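Colleague: Once you've had a glance at the structure underneath, I'll fire off some questions.
The values are calculated or read from the model by the stated rules, or taken from the named source; none is laboratory data. Note that the structure is a prediction, hence the values are computed from the model and not measured. In this analysis, Cβ positions are derived from the backbone assuming ideal geometry, glycine residues included, and neighbour counts consider all displayed protein chains. These accessible areas exclude ligands, DNA and RNA; they are computed on the full protein's heavy atoms, side chains included. Shrake-Rupley method; radii C 1.70, N 1.55, O 1.52, S 1.80 Å.
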Amino acid sequence: MEIKKVGVLGCGLMGSGIAQVTATAGFDVTVLEAEQRFLDKGFSGIEKSLAKFAEKGKLKETPDAIRARLKGTLKPQDLADCDLIIEAIIESVEEKRKMYASLDAVVKKDAIFASNTSSISITELAAATKRPDRFIGLHFFNPVPLMALVEVARTIMTAPGVFETGYAFAQKLGKVPVRTSDKTGFIVNRLLVPYLLDAIRAYEEGVGSITDIDTAMKLGCGYPMGPLTLLDFVGLDTTYYITQVMFDEFKEPRFASPPLLKRLIMAGWFGKKSGKGFYDWSDPAKPVPQDAALQGVSAERAGNVAPV
Ligand code: CAA
């Protein structure tokens with residue numbers, strides 16, 4: 001099946017990134033949101049990102065030509081003739097199932113449905129539609145325009161041709177797809193989440209300060225970001241949600257949320273997007289580690305220093 005027109009559900013961090021790379025690859029894209037202000041915010045991020053790529057000479061076309069293939073809408077009917085729908089709304093089984101069930105009635109019968117979920121069961125979402133054989137996971141990574149990987153996940157109901165169409169679509173975006181199956185967390189989060197949670201536990205146990213832990217993993221292992229910076233970057237709320245789903249699935253302590261992560265969530269410290277997490281992001285270029293607040297000691301005693 002040939003994919004020409006793509007619908008993206010949600011224009012947040014992931015949805016806008018997916019819409020951007022899909023339009024950049026030459027597809028017509030319509031993004032569905034619940035409110036105009038979410039579309040405006042997402043499209044403004046896309047324009048900034050496209051301008052940055054253009055500045056570096058990394059686009060084959062002008063940002064305007066790419067932007068012209070991108071439309072925003074508040075009406076599900078505008079997605080009726082899409083060949084592929086990629087959902088990137090809030091990580092909530094109920095919200096996603098509701099969204100798929102309503103679109104199932106509107107979008108043409110042979111269109112493929114895909115979810116960008118990082119932890120919710122694709123099988124559970126597919127079962128909310130009348131096209132479970134035409135349902136896959138397409139899991140992108142943040143920031144979508146820069147990260148090369150897409151995990152392509154099949155369920156036991158996915159038709160082989162649909163799975164391969166999803167795989168080929170990811171390649172057409174210029175991404176590197178990997179094949180995986182509907183096992184909670186797929187490949188990346190199965191390995192990444194215990195590592196991130198261990199970093200929080202190490203911090204709770206006083207193994208090192210926020211800066212020490214991040215610097216150690218950056219310089220000792222060559223990672224682009226330390227684990228606590230990455231947590232702020234991914235979103236502590238998102239990570240907390242993922243741990244709940246993964247713990248519920250596997251009942252293994254390594255997937256359980258450390259108490260500090262839960263405290264940060266209750267305080268509304270979701271990381272970079274909310275302004276505060278393990279770091280204060282008031283100036284995104286100079287994040288300030290929050291050891292003092294998290295340990296209840298003075299900044300001096302906590303050894304607050306800027307990360308490398
Ligand atoms: N669009 C265009 N350009 C962008 C951009 C965007 N959205 N975001 C950043 N850039 C540009 C920056 O402006 C910068 O440009 P200059 O060199 O001209 O200054 C360039 O890209 C490099 O960025 P940075 O200087 O910020 O730093 P970097 O070299 O560290 O690269 C990074 C950034 C690619 C994000 C890198 O830090 C990295 O790979 N970090 C790890 C990210 C990661 O692990 N993501 C996965 C998270 S897990 C997940 O998403 C899935 C899940 O289910 C939870």
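Colleague: What pairs come up if the first residue lies in segment 153-170 and is crowded, with 16+ Cβ neighbours inside 10 Å, the second is acidic (D, E), and their beta carbons are under 7 Å apart, counting only those six or more places apart or on different chains?
Modeller: Within 7 Å, the pairs are A153/D182; R154/D182; T155/D182; M157/D133; T158/D133; A159/D133; V162/D133.
Colleague: Filter segment 123-176 down to residues that are farther than 18 Å from T22 by Cβ and either in a loop (DSSP other than H, G, I, E, B) or of a type in the set (K, R) (or both), then give me how many there are.
Modeller: Number satisfying all stated conditions: 12.
Colleague: List every residue pair whose Cβ atoms sit under 8 Å apart, with the two residues 6 or more apart in sequence or on different chains, where the first one lies in segment 187-201 and is open to solvent by 10 Å² or more (accessible area, probe 1.4 Å) and the second, anywhere, is among the basic types (K, R).
Modeller: Taking only residues 6 or more apart or on different chains, the pairs are R190/K183; P194/R254; D198/R254.
Colleague: Return the residues of segment 72-97 that are surrounded by fewer than 16 Cβ atoms within 10 Å (Cβ to Cβ), touching a residue at least 24 places away in the same chain (Cβ under 8 Å) and not in a loop (DSSP other than H, G, I, E, B); say none if nothing qualifies.
Modeller: If the condition is that a residue be surrounded by fewer than 16 Cβ atoms within 10 Å (Cβ to Cβ), touching a residue at least 24 places away in the same chain (Cβ under 8 Å) and not in a loop (DSSP other than H, G, I, E, B), then T73, Q77, V93 are the ones that fit.
Colleague: For segment 105-119, state whether one or more residues are under 17 Å from R134 (Cα atoms), open to solvent by 10 Å² or more (accessible area, probe 1.4 Å) and basic (K, R).
Modeller: Yes.
Colleague: Now for a different question. Against the definition (touching a Ser or Thr at 6+ places or on another chain (Cβ under 9 Å), farther than 23 Å from L149 by Cβ and within 16 Å of the ligand (Cβ to nearest atom)), how does A54 come out, yes or no?
Modeller: yes
Colleague: Also, I was wondering about something else. Being surrounded by fewer than 19 Cβ atoms within 10 Å (Cβ to Cβ), among the basic types (K, R) and in a helix (DSSP H, G or I) is true for just one of K183, K218. Which residue is that?
Modeller: Result of the check over K183, K218: K218.
Colleague: If the requirement is being at pLDDT 95 or above and closer than 28 Å to V93 by Cβ, which of these qualifies: L173, L228?
Modeller: L173
Colleague: What are the residues in segment 120-152 that are within 25 Å of V107 (Cα to Cα) and near the ligand (Cβ under 7 Å from one of its atoms), if any?
Modeller: Of everything in segment 120-152, just one residue is within 25 Å of V107 (Cα to Cα) and near the ligand (Cβ under 7 Å from one of its atoms), namely H139.
Colleague: Something else now. Name, by its number, the condition in (1) outside any loop (DSSP other than H, G, I, E, B); (2) at pLDDT below 95 that does not hold for M1.
Modeller: (1)
Colleague: Tell me which residues, restricted to segment 228-258, are within 10 Å of V193 (Cβ to Cβ) and without any contact (Cβ under 8 Å) to a residue 12 or more places away in the chain.
Modeller: The one that is within 10 Å of V193 (Cβ to Cβ) and without any contact (Cβ under 8 Å) to a residue 12 or more places away in the chain: F247.
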